[in-house]
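Structure, as structure tokens:
No lab work stands behind these numbers, since they all come straight from the coordinates. Small disclaimer: the values here were computed from a predicted structure and weren't measured. A quick note on method: Cβ atoms are made from the backbone with ideal geometry, for glycine too, and the neighbour counts reach across all protein chains shown.
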Amino acid sequence: MPDRIRLQVARYRPEQESEATFDEYEVPCPKEWVVLDGLNHVKDQLDGTLSFRWSCRMGICGSCGMTVNGEPKLTCATFLSEYAPGPVRVEPLRNFPVIRDLIVDIGDFMRKLVRVQPWIVRQTERSPTQDAYRQTPDEMDEYKQFSMCINCMLCYAACPIYALDPKFIGPAAIALAQRYNLDSRDQGAPARLKVLSEHAGIWGCTFVGECTKVCPKHVDPAGAIQRYKLTAAVESIKSFVLPRGAS
Amino acid sequence: MKAHSEYHQRWLRRPVSTYWWLEKPAYFAFILRESSCMFVGWFVIYLLLLVRAVLDGEVSYRQYLEWSATPGILFLNIVTLAFVLYHAVTFFQAAPQALVVRAGRKRVPPRLVLAGHYVAWIVASGLIGWVLLAGRA
């Protein structure tokens, strides 16, 4: 294994240039170093002007998503040695506008996320002095997989539908909506149905399936979307057939 | 949407290439799967033409058979068969992701859902084969 590896890092300095360029750096490549370690080495030792987001370094915070050799990756979970002898090309996440270097604007995702109300919605609240909202392990298993999402947005970067139609609400937002729809304590499914059954909601998805492949937490957003299509279709038929609608 | 600072006015937006579907093998496989629908449609039309030819009588049916044996139609049908098989296989692969089947309180493993699709395919093909062969006998 080589002891050093070349990083080709995308740079975009809006005050200087109107297009992205690449700067090349040589960094150490011990077997335990991930791409993020390489970028931090550049920032600390070689070029302090390089900008990128990171926080936890352990695949929890979802901040360090970037495009590594063309694939959306969490750079804290992607080992440099996998790309030996290099070079390793590091670019910002695709399908988002770039603010600077490797930093993208995530405002679009944040606005969409809020629309699906990713929290427990109750029609009636129990007082804290009453019984807790109990849940069996089987009931928790219904949504647990979808609750693993860390909002890293790799799924948006991999989704060609989102690239072509930025109005598409996107994989993570739908998976998180399902996380709460399938929670036995939640009563917000009818409100989420209105958002998710819009044209830019679940029906925008044509099941490319790349969102599931790139997800570092095995959330399976593509599966969540397809399952919700069935739910939405059944609810739509119910509202048509039943005199008082589906609710 | 208002920008947060003067530099945000200069976000770098990267346009999507017309040939985005050639960038990754998975995207290309997806486009092939989507376009296979056209070939499924052709098989439906081809079957309807057969039904019409049978209803119109023996002469019409023989003309349909002769037309089907021409190189152009034969080639089209071979390509169509390949696409329809690809359509079926990719559809089956996707099915366990979209379909949650339960046996009591337990979820049926996705592999069994996939196997169920193939068993149903084999049984249906066997049934059609049996009807055709029984008709000849």
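Only lysines eight or more places from A:K194 in sequence, or on another chain, were considered; those with a Cα closer than 25 Å are A:K112, A:K144, A:K167, A:K229, A:K238. For chain A, a/c is not less than 1.5, where a ≥ b ≥ c are the root eigenvalues of the C-alpha gyration tensor, and a/b tops b/c. That puts it in the prolate class.
Near the amide H of A:V34, within less than 5 Å, lie the amide hydrogens of A:L80, all on another chain or at least 5 residues away, with H placed in the peptide plane. With θ taken as phi - 60° and the Karplus curve 6.51 cos²θ - 1.76 cosθ + 1.60 applied, the whole-hertz 3J(HN,Hα) list for the range A:180-192 is 8, 4, 8, 7, 5, 8, 8, 10, x, 4, x, 5, 5 Hz, x standing for glycine and proline. In order along the range B:93-99, phi translates into HN-Hα couplings of 4, 7, 4, x, 6, 8, 10 Hz, rounded to whole numbers, per the Karplus curve 6.51 cos²θ - 1.76 cosθ + 1.60 with θ = phi - 60° and x for Gly and Pro. Exposure proxy ranking for A:I99, A:I202, B:I128, based on other Cβ atoms within 10 angstrom of each Cβ and starting from the fewest, stands as B:I128, A:I99, A:I202.
Farthest towards the positive end of the charge dipole of the range A:4-104, among the residues A:C56, A:F22, A:G38, is the Cα of A:C56, using unit charges on the Cβ of Lys, Arg, Asp and Glu. Panel order for A:D3, A:D101, by other beta carbons found within 10 Å of each beta carbon, from fewest to most: A:D3, A:D101. Remark on the range A:4-104: Rg and Dmax equal 12.5, 37 Å (Cα only). The H on the amide N of A:L7, modeled in the peptide plane, is under 5 Å from the matching H of A:Y25, A:E26, A:V27, A:V88, each at least 5 residues off or on a different chain.
Given Cα pairs under 8 Å that are at least 6 residues apart, what percent is the relative contact order of chain A?
Once normalised by length, the contact order is 17 percent.
Relative contact order for the range A:3-146: 24 percent, from Cα pairs under 8 Å spaced at least 6 residues apart, divided by residue count. Dipole magnitude for the range A:89-158: computed about the Cα centre from +1 point charges on Lys and Arg Cβ and -1 point charges on Asp and Glu Cβ, it is near 280 debye. GNM remark for chain A: springs join alpha carbons under 10 Å apart, and the peak mean-square fluctuation among A:A173, A:A157, A:A232 falls on A:A232. Inter-chain neighbour count for B:10-23: the average number of beta-carbon atoms from partner chains within 10 Å of each residue's beta-carbon is 5. With the simple model of a label 7 Å out from the Cα in the direction of the Cβ, B:V131 to A:M110 spans 6.0 nm.
Please arrange B:R136, A:R126 by counting, for each residue, the other beta carbons lying within 10 Å of its beta carbon, fewest first.
If I rank by nearby Cβ atoms, fewest first, I get B:R136, A:R126.
Backbone geometry of the range A:205-219 corresponds, through the Karplus equation with coefficients 6.51, -1.76 and 1.60 at θ = phi - 60°, to 3J(HN,Hα) couplings of 6, 10, 6, 5, x, 5, 4, 5, 5, 8, 5, x, 10, 6, 6 Hz, x marking Gly and Pro.
Assigning unit charges at the beta carbon (Lys, Arg +1; Asp, Glu -1) and nothing else, what dipole magnitude in debye, to the nearest 20, does chain B show about its Cα centre? Present the calculation step by step, with values, prior to reporting the outcome.
Details: 14 positive and 6 negative charges, 194 e Å.
It comes to approximately 940 debye.
Using a/c under 1.5 as the rounded threshold, could you call chain B rounded, prolate or oblate? The axes a ≥ b ≥ c are square roots of the C-alpha gyration tensor eigenvalues, and prolate needs a/b larger than b/c, oblate otherwise.
Judged from the Cα gyration tensor, chain B comes out oblate (a/c at least 1.5, b/c at or above a/b).
A straight Cα-to-Cα reach below 18 Å connects A:K213 with the lysines A:K73, B:K24, residues fewer than 8 places away in its own chain not being considered.
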